[in-house]
Amino acid sequence: MYTLLYLHGFLSSPDSFKASKTVQWMQTHRPHIALSAPALSSYPIQAQQQLEALCSSLTHPIYAIGSSLGGFWATHLLERGIIQKAVLINPAVSPHRRFRSLINTPLTSYSGAPTTYVLGEQDLIDLQHADTPTITHKNNYWLMVQTGDETLNYHDAVTRYAGCQQLIEEGGNHAFTTYEKWLPSIITALEADSFEHTTNTA
């Protein structure tokens, strides 16, 4: 038995397409498995505290599917031994660099009722502190990226997670258009003893 954690991206919510499809699939095919899809704050320190508190209350082992910034948080948790495995979907790499252009700009999150966030310099510092420039648990990740990602440069993730199992799919976009097709394989891989340590281009 394990707990599955679905972590949505920046300014997204547990009502996103991938989160909803994950919940539906698990309810149909793994109804005995506990699934948690928290609504994460867009303020980094709050999101980090939310996740660490949540994981302390969940049944271990904990496996995660993390999309975009959710992939960043999944990495943070895994490298600190809080969760055990993660599948990363077009994950954010060192987001404190990309988010610099967003400082002092009102941003709307659609997690439940629309909420406005304004990131400041301290938020970038908090993100940098949570970053993991070196991946040490390479056997515990499956990286999935699409080359058509219009938001993030997929090469950054391929480089950061070198040595991990990787799927590099041609085309697509930041939402990872074929996620639903891959979902059964994602769950099967998480439930296996280890990932395959291969790089596949589809």
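The values are calculated or read from the model by the stated rules, or taken from the named source; none is laboratory data. Given the structure is predicted, the values throughout are model-derived calculations rather than measurements. Ideal geometry is used to build each Cβ from the backbone, glycine not excepted, and the neighbour counts take in all protein chains shown.
Residues in the stretch 99-129 that are assigned to a helix (DSSP H, G or I), in contact (Cβ under 8 Å) with a residue 24 or more places away in the chain and under 16 Å from Ser68 (Cβ atoms): Phe99, Leu127. One residue alone among Asp123, Asp193, Asp156 is more than 21 Å from Phe17 (Cα to Cα), crowded, with 19+ Cβ neighbours inside 10 Å and of a type outside the set (Val, Ile, Thr), and that residue is Asp123.
Of the listed requirements (1) loosely packed, with under 15 Cβ neighbours inside 10 Å; (2) modelled with pLDDT under 95, Ile103 misses just one: (2). Of the residues in the stretch 181-193, at least one is at pLDDT below 95, more than 23 Å from Asp15 (Cα to Cα) and of a type in the set (D, E, K, R). Of the numbered criteria (1) surrounded by 13 or more Cβ atoms within 10 Å (Cβ to Cβ); (2) under 27 Å from Pro61 (Cα atoms), the one Thr134 fails is (1). Ala37 passes every criterion in (1) among the small types (Gly, Ala, Ser); (2) farther than 20 Å from Thr151 by Cβ; (3) at pLDDT below 95; (4) touching a strand residue (DSSP E or B) at 6+ places or on another chain (Cβ under 8 Å) apart from (3).
Of note, Gln165 satisfies the criterion of being surrounded by 17 or more Cβ atoms within 10 Å (Cβ to Cβ), of a type in the set (S, T, N, Q), modelled with pLDDT of 95 or more and within 13 Å of Lys85 (Cα to Cα). Within the stretch 130-152, is even one residue more than 16 Å from the chain's Cα centre (by Cα), in a strand (DSSP E or B) and not hydrophobic (A, V, I, L, M, F, W, C)? Within the stretch 130-152, not a single residue is more than 16 Å from the chain's Cα centre (by Cα), in a strand (DSSP E or B) and not hydrophobic (A, V, I, L, M, F, W, C).
Picking from residues in the stretch 1-24 that are closer than 22 Å to Asn90 by Cα and free of Cβ contacts under 8 Å to residues at least 60 places away in the same chain, the one that is farthest from the chain's Cα centre (by Cα) is Gln24.
If you go through the stretch 48-96 and keep only what is of a type in the set (Gly, Ala, Ser) and crowded, with 24+ Cβ neighbours inside 10 Å, you end up with Ala64, Gly66, Ser67, Ser68, Gly70, Gly71, Ala74, Ala86, Ala92. Restricting the stretch 49-77 to residues that are within 11 Å of the chain's Cα centre (by Cα) and among the hydrophobic types (A, V, I, L, M, F, W, C), the residue that is farthest from Met1 (Cα to Cα) is Leu69.
The set of residues from the stretch 55-97 being without any contact (Cβ under 8 Å) to a residue 24 or more places away in the chain, farther than 19 Å from Thr136 by Cα and not small (Gly, Ala, Ser) comprises just one member, Arg97. One residue stands out in the stretch 25-48 among those that are within 16 Å of the chain's Cα centre (by Cα) and assigned to a strand (DSSP E or B): the one that is farthest from Phe99 (Cα to Cα), namely Leu35.
Return yes when Tyr110 is surrounded by fewer than 17 Cβ atoms within 10 Å (Cβ to Cβ) and aromatic (Phe, Trp, Tyr) and no when it is not.
So Tyr110 fits the description; yes.
Taken together, the residues in the stretch 1-24 that are surrounded by fewer than 20 Cβ atoms within 10 Å (Cβ to Cβ), of a type in the set (A, V, I, L, M, F, W, C) and not in a loop (DSSP other than H, G, I, E, B) amount to 2.
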